[in-house]
1. Express in whole angstrom the spacing between the alpha-carbon centres of region A:401-437 and region A:495-572.
2. Report the full-extension gain for the segment A:ARG19 to A:ASN299: residue separation times 0.36 nm, less the Cα-Cα distance, to one decimal in nm.
3. Please report the carbon-and-sulfur percent of the accessible area for region B:83-152; probe 1.4 Å, protein heavy atoms only, DNA, RNA and ligands left out.
4. When Lys and Arg each count +1 and Asp and Glu each count -1, what net charge do the other residues less than 12 Å away from A:GLU21, Cβ to Cβ, add up to?
5. Within 10 Å of each Cβ in peptide A:136-147, how many partner chain Cβ atoms are there on average? Round it to a whole number, please.
6. Report the charge-dipole magnitude of region A:189-274 in Debye, nearest 20, computed about the Cα centre from +1 at each Lys and Arg Cβ and -1 at each Asp and Glu Cβ.
7. Just tell me how shielded B:7-17 is by partners: mean number of partner chain Cβ atoms within 10 Å of each residue's Cβ, no decimals.
8. Quickly rank A:29-36, B:36-43 as a protection proxy: mean count of other C-beta atoms within 10 Å, highest first.
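The values are calculated or read from the model by the stated rules, or taken from the named source; none is laboratory data. Keep in mind that what you see is a predicted model, and the values were worked out from it rather than measured. Because the Cβ atoms are built from the backbone with ideal geometry, glycine has one as well, and the counts that use them run over all protein chains shown. Calculation scope for accessible area: heavy atoms of the full protein, side chains included, ligands and nucleic acids excluded. Shrake-Rupley method; radii C 1.70, N 1.55, O 1.52, S 1.80 Å.
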Amino acid sequence: MRSNNQKLSGADIFFECLRREKVEYIFGYPGGAVLKLYERLYDVDFLKHILVRHEQGATHMAEGYAKATGKVGVVLVTSGPGATNTVTGIADAYMDSVPIVVFTGQVPSHLIGNDAFQEADIVGITRPITKHNFLVRDIKELASIIRKAFYIASTGRPGPVLVDLPKDVVNSVCEFSYPEKVEIRGYKPTLYGHQNQIKKAADIIKKAKKPLLYVGGGVIMSGGERELRLFAKENKFPVTMTLQGLGAYPMNEDLSLGMLGMHGTYWANQAVNNCDVLVSLGARFDDRVTGKIEAFALNAYKIHVDIDPTCIDKNVVVDLPIVGDVKHVLAELAAEINEPPKIDEWWKQIQRWREECPLKYEKNDGKLRSEFVIEKLSEKTKGEAVIVTDVGQHQMWVAQYYKFTNPRSHLTSGGLGTMGFSVPAAIGAAFAIKDRPVISISGDGGFQMNMQELATAVYNKLPIKFIIINNSFLGMVRQWQELFHAEKYSFTDLSASNPNFVKLGEAFGMKSFSTNNPFDVDDILDEAFAVNDGPILIEFKVVKEDMVFPIIPSGQTIKEMMTKRLDPKEMV
Amino acid sequence: MKHTISVLVENQFGTFNRVVTMFSGKGFNVHSLSIGETEVPDISRMTIVTSGDDKIIEQVVKQLNRLIDTLKVVDLTGQPKIERELALITVYYQKGTRTEIVNVANIFRGKVVDINNKSITLEITGPPDKIDAAVNVLEPYGIKEMARSGTVALKRGEQIKHDKKDILVNHIKEGTK
Ligand SMILES: Cc1ncc(C[n+]2csc(CCOP(=O)(O)OP(=O)(O)O)c2C)c(N)n1
């Protein structure tokens, strides 16, 4: 190992820091301002650089890697356009609390502010969409800033951190010393919940007649799924999950009510509406979950566990906040509750709701439907695959019909709703996940937003299954147009402009399939899952104008829930 | 309701911007904002006067705390405190009104800091409502220009209710990093 006092170049320091942070992959793209780093990278053997095709792809890959593993995803890009191309991915990571560190090249310090070639004030641009960002102004700060960047990204409520590296800083030399400990006096995340609050919560939960656990992505991020499972099972608590929380509790088990919110199940939303104690675990009362705020869990005593104090009382005012890491709080809560509350009546009620309005779709007209494809996938993979979705109808159908059994298995852009997420995020995940299939599911619209990254997947021989649910429409927007915008299908029909997806896949060097026949689905999936030396592509041509049901229109309540398309006859 | 929030921040490149960006990004009001050095060289104090209902103010304080560069956030509203603002006010005078204006300055314990053949510039310091009152009285004479510094504030006495980042109080008291 290198001695600590040797003079090293900025580029050496950079990679030495990454080595100490145990970085395995960098997703990057070279350019003028980072040439020195790439020069050094040529000889680096302790990590792998993945050349992407667009910097947005790099950020989503880092997110996919981070979401699938819990480790920090790392991105390296050049200044100016390289940096601005990362903005969407950074914003996405910010909204979904994904730990990534983005290194951007910058013009030399003395040119900053001069409109120099390929200059962009990326620190200014990303200030509101990063957990924190840094401009390295002196090589002496480089090592400690990198250390802090990884620390900030991965602790507390995780999030993206950007480090801007002026060219002259990277080119200069300095003695290297890596701080053993990180001391940031303004940053001390709270880990352990307040004892009295936890006791009080336990007392209330013990007395509950109609309790409900409302589980968000925080449970998965904190690694608290084991604690959740024990807590729920011991007490037979019903569990509903947010989009980001899916898989925290196995969805094939009875205690799972599936997803809640706008496209959540009828019974999960009824349960929220009627529970007497709502225990929110690492969730943030997002408007897609709550609908009309004033009516959300109206009569429930609300307990809110979250590591981020700003989440508490932001959207919904709660009765009992507990700031702390959900994993720890759950363990302590479980220890406090020694006798399960009696809630048999509550379960009977939930069962009635389940029967009253199950998830259903038309199966008997011989036409291919997304729901069917996703159900098949769920069966074939026993709910154990890593599913990376894009944004739109197919995303909601995955949430409804894929029975996730593991955490870190449902990767999706929830907060920002970024189309184009799936293809690169699946690639990032596939670098880390080798023991389970990685499946990317996109709509025909979103697929075309980052399909350049197929080249990255093919080059790296990643056995990803790229699935396109092709309904020839920007389906989710079409659905809103039909329901809420007078059926004006303004610029959502892609049928005349979509490419031939099979030829496209083949052009990238992938074995590619297409079908519109439900009876082919089994065979195609079997054939596709047999391929393991590289990616494959499947286009499922599904019914064009299907809608996702149930739906609670934005800002409304379960009373306004629609469960099926209005029959024209009923409308008159 | 107006709140005066005192924030200790890292005296560092970009910190000011971070706070301002947070306020505009979250849609919080800023009535005045001042920043300056403290007795510790690498710590600055920002005094922010903002307004909103309790729920909003709670968010303001939490969001400020959440920023990595903030060391300590205290809502001074309702606490014993000293609040001061400085205003420079240039007022037109006519024959006969000059002494009146100087009298107004005296009543408010202000000073005349500049004068020419048309206008007179007063310097007035005090709590913001005193400045408001002075402005109100001077308005009829014709205010040509005015610059107000924004409020700075310190709590009175020693005891403050510490919030989450109170470890720093000790740091700051000892003047250590
Ligand atoms: C980058 C981006 N642009 C626009 C939108 C708005 N939007 C949300 S869903 C959607 C339609 C998606 O269509 P498609 O990818 O075909 O998926 P489908 O809904 O048909 O499953 C659009 C345009 C978005 N979420 N992201």
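1. Each part's Cα centre sits 17 Å from the other's.
2. Gain on stretching A:ARG19 to A:ASN299: 95.5 nm.
3. 50 percent
4. My count for the surroundings of A:GLU21 gives +4.
5. 0
6. 380 debye
7. Shielding by partners across B:7-17 averages 2.
8. The most tightly packed comes first, giving A:29-36, B:36-43.
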